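Visitor: Dropping the structure in here first, questions after.
The values are calculated or read from the model by the stated rules, or taken from the named source; none is laboratory data. All values reported here derive from a predicted model rather than from experimental measurement. Here the Cβ positions follow ideal geometry from the backbone for every residue, glycine too, while neighbour counts run over all protein chains shown.
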Amino acid sequence: MRFAIAGNPNSGKTTLFNSLTGSNAHVGNWPGVTVDKKEGVYRFRHSNNTVEKISVIDLPGIYSLSPYTPEEVIARQFIMDEKPDLIINIVDSTNLERNLYLTTQLLEMDVPVVVALNMMDVIKREGSIIDYEVLSQILGIPVVPVSALKSGNVKLLMNRCVEYVKTPRKGSSFLSSTALAEQYEKVLKLVDEHNIKHPVFHAIKLLENDSIELMHDATLSAGIQNLKLEYEKNEKPFDYEAEIADLRYKFITNNIKPQVVKVLKNTGAASSEKIDRILTHRLWGLPVFLVLMFAIFHIIFSKDFLFFKSFGIMEFDGPDGLSSLGILLKGYMEYFQNFVMTHTDLFLKNAGAYDWARGAIVDGLLKGVCSVLTFLPQILLLFLSLSILEDSGYMSRIAFILDRALRRFGLSGKAFIPMLMGFGCSVPAMMGTRTLESVKEKRMTLMLIPFFSCGAKMVIWATVVPAVFKNNADFVIFCIYITGIAVAIIGAIALKKTVFKGIKSNFVLELPVYRYPRLKSISFQLWEKLKGFLTTVTTVIAASTLIIWFLQNFDTSLNMVSENSDSCILKIFGDAIKWVFVPLGFAHGPDNWKLIVAILTGLLAKEAVVSTMGVLYKAKGYATDTHDSDANAISGKEESVTTALAANAVFTPLTAISFVVFNLLVIPCFAAVATARSELKSAKWTFFVIFFWFATAWIISFIVYQTGVLLKEVNLINRIIGVFIIVIILFSIFRRKKKKNKCIGCDKCPKGI
Amino acid sequence: MENKLLGEFKPGEKGTVEKLTVLGPLRRRLLDMGITPGTEIIFNKVAPLGDPVEIRLRGYKLAIRKTEAEAVLMKKEDKS
């Protein structure tokens with residue numbers, strides 16, 4: 001048997017799903033669609049003690065069965081095409097009116113529906129009573145009060161469902177008792193003649209001129225248009241869509257609510273209102289948001305927690321202050337990683353393994369996998385913070401506060417969160433784009449995320465910049481971050497005008513009542529993220545590290561050579577593609593294939609850019625034996641690679657900037673590409689996105705380098721021409737279209753209500 | 001009682017919906033969210049950057065952009 005859970009966003013749908021299926025849930029993908037559907041198994045124990053497995057499907061949260069958001073289309077298609085045996089419609093009793101709007105639509109389908117009335121405890125606290133038995137009588141289906149968190153209620157619900165699923169149900173509509181009854185009956189008769197499944201649902205959708213419906217059957221739609229014309233005769237066209245939506249709501253407010261809801265005392269959502277008075281305040285809203293965001297990043301990334309060192313509150317040995325939670329946990333992970341690597345190495349040595357096998361396992365596989373794994377605590381912390389923000393209801397307020405700023409780029413406020421996360425790590429940031437409504441918006445946000453300089457890239461800046469800019473490294477590094485943001489803005493505008501032409505984000509967003517985050521649902525979400533992360537690490541990352549290791553250690557006749565030596569495949573490859581980078585400045589000179597190789601290994605993990613340069617430029621004191629204590633190795637590494645770069649005069653200021661800009665914008669690490677692939681769910685789009693990152697990096701580096709050269713070498717007239725061209729380019733990017741005249745609403749509109 | 005677009009309301013003002021003046025998906029979305037003729041809407045507040053706006057209807061809070069609020073023609077209730 002298959003049961004589907006349908007309901008409004010924020011109605012406790014996912015919590016119910018998790019209570020039903022426990023850890024049996026797995027995320028499945030719909031073919032060709034970008035929104036997740038979850039499927040799990042509930043073990044139902046019959047009275048004779050036999051256990052039946054019921055598969056439970058968590059449909060995306062929807063307000064209606066109109067075909068306008070991806071979520072709605074999925075839910076609608078699932079119910080019609082996949083034919084679940086029963087729909088559990090979860091209804092938030094604190095918001096009965098809008099939740100029942102969906103219920104009345106679900107009832108139009110030929111499928112048994114059971115209403116699970118959620119948050120009954122909250123409504124009681126707010127001073128109202130809901131008579132669920134009367135509600136059941138009016139709707140003609142079972143209504144079970146549940147609290148999605150209590151298992152006893154869930155058992156009761158499932159008992160009722162298994163009982164009810166045996167009685168086949170025909171769709172029914174409230175319309176038969178309204179002013180539109182006559183038209184509705186006639187259309188229904190016409191639909192019945194065509195022998196269509198779910199006749200009631202289709203009849204109403206046809207009456208509404210639903211865009212998907214009208215495409216299905218041309219003769220049927222033509223017949224219905226004629227029928228409608230008969231009724232209109234000489235009067236102005238009748239707006240069925242608005243009228244039916246209106247009647248639906250009227251049915252709920254007039255026929256259901258007065259009989260079902262009894263308000264004893266009206267406290268409403270008073271406390272939530274008080275919180276909003278500060279959090280979305282016209283003046284304080286923005287500062288409070290900034291402080292909250294900073295606090296999250298501080299807890300995850302700061303090496304000077306609460307600024308004890310900076311403010312001189314406490315004395316610390318060494319360069320750092322108190323570790324924040326994220327840094328502390330990362331330290332433990334690094335310790336663990338070193339332990340595993342040293343001992344595996346030792347074990348293999350003692351067991352008499354071949355050198356190449358030892359190298360492949362320790363330097364290739366373990367090193368690559370562990371370097372990513374060390375970020376696990378910070379990634380989980382980031383997701384914990386985000387889950388809390390989301391569960392409490394603050395996330396939609398962030399979107400509310402920032403929507404205005406992002407609108408110019410065709411994005412909505414919701415796109416801000418993933419971008420912000422990009423400063424930490426692109427991988428969770430890209431996963432965060434799942435919450436975005438439109439596919440275009442999701443893709444665009446995903447493409448912009450790598451431009452927000454991530455934590456791993458910081459290692460490169462800290463190494464390269466001081467080698468060239470000795471006295472003002474901090475300022476230059478700050479400028480790198482600004483450059484990233486600037487490119488993201490320019491990229492957004494360019495994308496909006498080309499690839500995503502016509503991208504328009506609507507912003508109709510419910511601001512739910514604040515609630516305490518629930519431990520159960522948060523831990524569940526974290527567990528899901530952890531599973532996903534570990535899968536990526538053990539598959540994609542493990543495979544790719546082995547490949548890079550192989551290329552570093554073997555020559556073309558497959559003999560093992562010392563890492564990154566002149567005859568390794570990687571070097572030959574680097575030389576072969578060097579021409580691509582010549583116009584960017586930093587590939588000049590016989591030795592600079594090494595920078596190409598550094599960039600290439602950076603595709604695996606951005607930290608690898610530094611370690612590769614360290615090996616290739618034979619940095620003094622650089623530990624080629626990576627099994628040292630990593631903490632020392634990192635701080636020592638940055639110092640010594642920097643010195644080596646300076647001593648070898650690898651960079652001029654200009655080539656350094658070009659190199660840094662290229663690394664900032666180019667294809668992020670393998671993990672990010674793999675994540676992009678799984679989020680985009682399309683190979684074609686993944687290739688395009690990779691191309692976009694590469695092209696942006698190349699073009700911007702090219703502009704930076706060539707402009708620098710021109711400014712240095714060329715005469716005044718050419719400089720003016722150059723500046724003129726740049727101004728024209730910028731102007732064409734930022735140019736705005738003229739505003740069209742707005743409709744102010746009058747009676748001449750054929751479709752006005 | 002005067003007719004006025006919801007987008008031109010000031011914080012604290014309220015009224016009832018007259019009609020929607022847009023077509024297509026946005027219209028459907030607004031209808032689905034409960035903005036149907038006769039619905040009472042309170043204009044709560046404006047976001048810190050001046051847009052979007054927060055409205056209250058049918059017992060819940062909804063954020064919509066000003067351009068979207070301008071698609072809703074209201075009958076404004078006089079202040080008592």
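Visitor: Which of (1) in contact with a Gly (Cβ under 8 Å, 6 or more places away or on another chain); (2) at pLDDT 80 or above is the odd one out, the single condition A:T612 does not satisfy?
Guide: A:T612 satisfies all of (1) in contact with a Gly (Cβ under 8 Å, 6 or more places away or on another chain); (2) at pLDDT 80 or above except (2).
Visitor: Sort out which residues of segment A:327-352 are surrounded by 17 or more Cβ atoms within 10 Å (Cβ to Cβ) and either in contact (Cβ under 8 Å) with a residue 60 or more places away in the chain or outside any helix (DSSP H, G or I) (or both), and write them in order of number.
Guide: Correct list: A:E334, A:Q337, A:N338, A:M341, A:D345.
Visitor: Next question. Scan (1) more than 7 Å from every other protein chain (Cβ to nearest Cβ); (2) surrounded by 20 or more Cβ atoms within 10 Å (Cβ to Cβ); (3) over 24 Å from A:Y394 (Cα atoms) for the single condition B:T21 breaks and write down its number.
Guide: Every listed condition holds for B:T21 apart from (1).
Visitor: Please specify each residue of segment A:249-291 satisfying the condition of being hydrophobic (A, V, I, L, M, F, W, C), more than 9 Å from every other protein chain (Cβ to nearest Cβ), closer than 30 Å to B:L49 by Cβ and in contact (Cβ under 8 Å) with a residue 40 or more places away in the chain.
Guide: A:I275, A:L279 - these are the residues of segment A:249-291 that are hydrophobic (A, V, I, L, M, F, W, C), more than 9 Å from every other protein chain (Cβ to nearest Cβ), closer than 30 Å to B:L49 by Cβ and in contact (Cβ under 8 Å) with a residue 40 or more places away in the chain.
Visitor: A:L206 fails exactly one of the following numbered conditions: (1) over 16 Å from A:P67 (Cα atoms); (2) without any contact (Cβ under 8 Å) to a residue 40 or more places away in the chain; (3) out of contact with any Phe, Trp or Tyr (no Cβ under 8 Å at 6 or more places or on another chain). What is the number of that condition?
Guide: If we test A:L206 against (1) over 16 Å from A:P67 (Cα atoms); (2) without any contact (Cβ under 8 Å) to a residue 40 or more places away in the chain; (3) out of contact with any Phe, Trp or Tyr (no Cβ under 8 Å at 6 or more places or on another chain), just (1) comes out false.
Visitor: Is it fair to say B:K61 is in contact with a Pro (Cβ under 9 Å, 6 or more places away or on another chain) and either within 25 Å of A:P70 (Cβ to Cβ) or not small (G, A, S) (or both)? Give the steps one after another, and end with the answer.
Guide: On the way: in contact with a Pro (Cβ under 9 Å, 6 or more places away or on another chain): yes; either within 25 Å of A:P70 (Cβ to Cβ) or not small (G, A, S) (or both): yes.
Considered against the rule, which asks whether it is in contact with a Pro (Cβ under 9 Å, 6 or more places away or on another chain) and either within 25 Å of A:P70 (Cβ to Cβ) or not small (G, A, S) (or both), B:K61 comes out as yes.
Visitor: Scan segment A:507-542 for residues that are within 14 Å of chain B (Cβ to nearest Cβ) and of a type in the set (D, E, K, R) and jot them down.
Guide: Initially, segment A:507-542 is screened for residues within 14 Å of chain B (Cβ to nearest Cβ), giving A:507-515.
Of everything in segment A:507-542, those that are within 14 Å of chain B (Cβ to nearest Cβ) and of a type in the set (D, E, K, R) turn out to be A:E510, A:R515.
Visitor: Being more than 18 Å from the chain's Cα centre (by Cα), under 30 Å from A:Q525 (Cα atoms) and not hydroxyl-bearing (S, T, Y): is that true of A:L366 here? So that I can check it myself, show each step before the final result.
Guide: Working: more than 18 Å from the chain's Cα centre (by Cα): yes; under 30 Å from A:Q525 (Cα atoms): yes; not hydroxyl-bearing (S, T, Y): yes.
In short, yes.
Visitor: Mind listing whichever residues of segment A:45-70 are within 14 Å of chain B (Cβ to nearest Cβ) and either free of Cβ contacts under 8 Å to residues at least 24 places away in the same chain or more than 15 Å from A:F17 (Cβ to Cβ) (or both)?
Guide: In the first step, residues of segment A:45-70 are kept if they are within 14 Å of chain B (Cβ to nearest Cβ); the result is A:61-70.
Residues satisfying the conditions are A:Y63, A:S64, A:L65, A:S66, A:P67, A:Y68, A:T69, A:P70.
Visitor: Name the residue that is farthest from the chain's Cα centre (by Cα), counting only residues in segment B:24-70 that are more than 7 Å from chain A (Cβ to nearest Cβ) and in contact (Cβ under 8 Å) with a residue 60 or more places away in the chain.
Guide: Once the filter is applied, the top-ranked residue is B:T67.
Visitor: Now for a separate question. Go through segment A:380-431 residue by residue and tally those that are within 14 Å of chain B (Cβ to nearest Cβ) and polar (S, T, N, Q).
Guide: Matching residues across segment A:380-431 total 2.
Visitor: Something else about it: Please find, among A:K155, A:K150, A:K189, the residue that is at pLDDT below 85 and more than 14 Å from chain B (Cβ to nearest Cβ). Walk me through it before giving the result.
Guide: Working: A:K155 fails: at pLDDT below 85; A:K189 fails: at pLDDT below 85.
Of A:K155, A:K150, A:K189, the one residue that is at pLDDT below 85 and more than 14 Å from chain B (Cβ to nearest Cβ) is A:K150.
Visitor: Please specify each residue of segment A:262-306 satisfying the condition of being within 25 Å of B:G59 (Cα to Cα), at pLDDT below 90 and surrounded by 15 or more Cβ atoms within 10 Å (Cβ to Cβ).
Guide: A:G268, A:A269, A:S272
Visitor: Search segment A:353-379 for residues being under 23 Å from A:T433 (Cβ atoms) and buried (at least 19 other Cβ atoms within 10 Å of the Cβ), and hand back the single one that is farthest from the other protein chains (Cβ to nearest Cβ). Talk me through it step by step, then tell me what you get.
Guide: Going residue by residue through segment A:353-379, those that are under 23 Å from A:T433 (Cβ atoms) are A:372, A:375-379.
Cutting the leftovers down to buried (at least 19 other Cβ atoms within 10 Å of the Cβ) gives us A:372, A:375, A:377-379.
On the way: A:V372: 38, A:F375: 33, A:P377: 34, A:Q378: 30, A:I379: 30 Å.
Ranking the qualifying residues of segment A:353-379, first place goes to A:V372.
Visitor: On to the next question. Can you confirm whether segment A:420-433 contains a residue that is of a type in the set (V, I, T), within 23 Å of A:K529 (Cβ to Cβ), buried (at least 21 other Cβ atoms within 10 Å of the Cβ) and more than 9 Å from the chain's Cα centre (by Cα)? Steps first, please.
Guide: So the first thing to find is which residues in segment A:420-433 are of a type in the set (V, I, T), and the list is A:427, A:433.
Now restrict to residues that are within 23 Å of A:K529 (Cβ to Cβ): A:427, A:433.
This time we only want the ones that are buried (at least 21 other Cβ atoms within 10 Å of the Cβ), so: A:427, A:433.
Still in the running and more than 9 Å from the chain's Cα centre (by Cα): A:427.
So far as segment A:420-433 goes, yes, one or more of its residues are of a type in the set (V, I, T), within 23 Å of A:K529 (Cβ to Cβ), buried (at least 21 other Cβ atoms within 10 Å of the Cβ) and more than 9 Å from the chain's Cα centre (by Cα).
Visitor: Limited to segment A:89-115, what total is found for residues that are assigned to a strand (DSSP E or B) and touching a Cys at 6+ places or on another chain (Cβ under 9 Å)?
Guide: Quick first cut of segment A:89-115, residues assigned to a strand (DSSP E or B) only: A:89-92, A:113-115.
Pick out the ones that are also touching a Cys at 6+ places or on another chain (Cβ under 9 Å) and you get A:114.
Selection size over segment A:89-115: 1.
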